[in-house]
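Accompanying notes for the structure given below.
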Amino acid sequence: MAESKRYRTIVLWLLTLMYVMSFIDRQIIGILSPFIKAEMGFTDSQLGWLKGLAFALLYSIVGIPIAWLADRYSRKKIVTASLIAWSAFTALTGMAGSFLHMFLARVGVGIGEAGGSPPSHSIISDLYPKEQRASALGVYSLGIPIGIGFSYLLAGALVESFGWRGTLYVLGVAGIALALVLAFVIKEPKRGQMDGENIKLESVGIVESITTLAKIPSWWAMCMGIAWVSFGGYAVSAWGVDYILRFKPEYFPNPDNNNFEWLMFWLGMIHLVGYGAGTYFGALITEKLAKKNISFYGIMPGAVLIIGVPCLIAAFWVQSIPLHLTLITIYLLSAGVYLGPSFAAAQTLAPINMRAMSTALFFLILNIIALGGGPTYVGMMSEALTETHGEVHALRLAISTLIVPYVLSVIAFFWAAKTLPKDWAEADERNKEMAKG
């Protein structure tokens with residue numbers, strides 16, 4: 001029997017809060033990067049590894065076996081244990097005394113976070129019918145802009161009082177406290193309950209799941225779309241603060257002014273409001289348009305990026321910080337649109353007994369390409385160009401080359417728009433077959 005509307009709303013927002021914590025812990029290194037560099041003496045390449053590849057290395061791979069477990073066993077227990085694990089490793093990151101120690105702690109954060117989204121997406125799909133999944137997963141995806149936004153706000157509030165190490169300790173304790181709340185409130189829902197009363201589920205292996213999902217053209221196209229747009233997004237969020245503090249050194253924390261707190265406040269707000277509005281309203285608008293033409297799940301994300309990406313690149317060439325922030329806001333409005341439609345497609349196109357695996361594979365491909373590649377690529381490119389162009393212009397040039405992955409993303413989303421009607425109809429028929437006595 002389906003749960004009450006009130007209960008499923010509580011669960012949705014608790015899982016969203018968990019996702020907020022995951023993005024705070026994931027992104028905070030990019031914001032603390034200038035302070036870590038000042039104390040530890042790391043190069044841009046080392047910082048790029050910490051921001052990208054260290055986290056993504058096992059985060060992407062471990063997500064597959066965890067998703068296999070989530071399609072068979074308690075998703076609630078997996079989410080709770082994962083939150084405790086990555087929060088503990090976040091605190092350990094603050095204790096690191098060398099690059100190797102910090103690298104290993106970041107790997108630990110990645111391993112823990114691998115158990116967050118796949119089971120969460122699966123739980124949400126068993127609480128909301130397919131007609132409401134884009135908006136429900138759009139709410140869950142608000143964890144990204146809220147998490148990034150609060151990572152800036154918390155950095156502005158905590159760094160001067162506790163230092164970068166103390167900031168990481170505070171975040172670790174907060175995550176463990178939230179895990180206890182999840183353990184007491186969330187109940188494990190019946191699998192497939194929103195797709196039919198008599199869903200017959202059969203266990204499938206990892207190889208069969210991968211083979212099945214890879215044969216769905218629009219699943220693959222949406223995956224490539226989200227991977228390449230995230231390549232640019234992760235790179236910009238990881239290096240944006242470094243760029244501003246190099247371009248305008250007066251924004252470093254200083255007892256004589258509050259420039260750093262001002263900067264963190266506005267970076268936090270534009271992510272909360274800009275990225276948040278793009279994520280939430282993008283999902284709602286796409287869901288309404290898709291009732292007439294399912295292709296809008298691909299059309300909307302691709303179309304808005306054509307507007308937003310030029311604003312992003314221009315932001316790193318203007319000479320005014322307020323204008324830089326304004327252009328970033330326009331980009332964030334467009335960048336948030338892809339989240340709800342992409343994750344809804346991943347869940348609805350996948351067979352019911354492969355939904356956690358579908359999200360895990362999305363994240364495997366997305367994070368190897370985006371989270372592992374984006375920040376690491378920009379860090380290495382910036383270091384390679386620094387001797388010739390200086391630190392500021394080298395980082396500007398490195399970020400400007402991100403236009404290439406963004407173009408690949410737009411192409412992938414429009415490709416998905418062409419293949420979605422056929423694949424969506426086949427997914428409906430498959431679920432009807434599974435629901436037959």
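Throughout, read-outs are computed from the coordinates displayed, never taken from laboratory work. Note that the structure is a prediction, hence the values are computed from the model and not measured. Glycine also receives a Cβ, built like all others from the backbone with ideal geometry; neighbour counts cover every protein chain displayed.
A Förster distance of 41 Å, applied to the separation of the beta-carbon atoms of LEU100 and ALA177, puts the FRET efficiency at 0.85. Pick from GLU287, GLU39, GLU426 the residue whose mean-square fluctuation is largest in a GNM of the chain, springs joining Cα atoms under 10 Å. Comparing GLU287, GLU39, GLU426 in a Gaussian network model of the chain, the most mobile one is GLU39.
Taking a straight Cα-Cα cut-off under 26 Å and skipping sequence neighbours fewer than 8 places away in the same chain, the lysines within cross-link reach of LYS77 are LYS5, LYS130, LYS187, LYS190, LYS200. Between ARG72 and THR212, the C-beta separation translates, for a Förster distance of 25 Å, into a calculated FRET efficiency of about 0.95.
For the chain, the longest principal axis of the alpha carbon atoms and the long axis of helix 75-93 meet at an angle near 10°.
Largest GNM mean-square fluctuation across GLY97, GLY278, GLY112, computed for the chain with C-alpha springs under 10 Å, falls on GLY97. Of all lysines in the structure, those lying under 23 Å Cα to Cα from LYS248, and not within fewer than 8 positions of it along the same chain, are LYS37, LYS51. Cα centroids of the range 258-297 and the range 56-109: how far apart, whole angstrom? Taking the Cα centre of each part, the range 258-297 and the range 56-109 sit 27 Å apart. How much length is gained on full extension from ALA425 to THR401, taking 0.36 nm per residue of separation minus their Cα-Cα distance? Net length gain for the segment: 4.8 nm. For the chain, modelled as a GNM with alpha-carbon contacts under 10 angstrom, which of ALA105, ALA214, ALA134 fluctuates the most? Of the options given, ALA214 has the highest mean-square fluctuation. For the pair the range 113-169 and the range 315-373, the centres of their Cα atoms are 13 angstrom apart. Only DSSP H runs of four or more residues enter the estimate; each adds -39500 (n - 2.57), and after division by the residues of the chain the mean residue ellipticity at 222 nm equals -26500 deg cm²/dmol.
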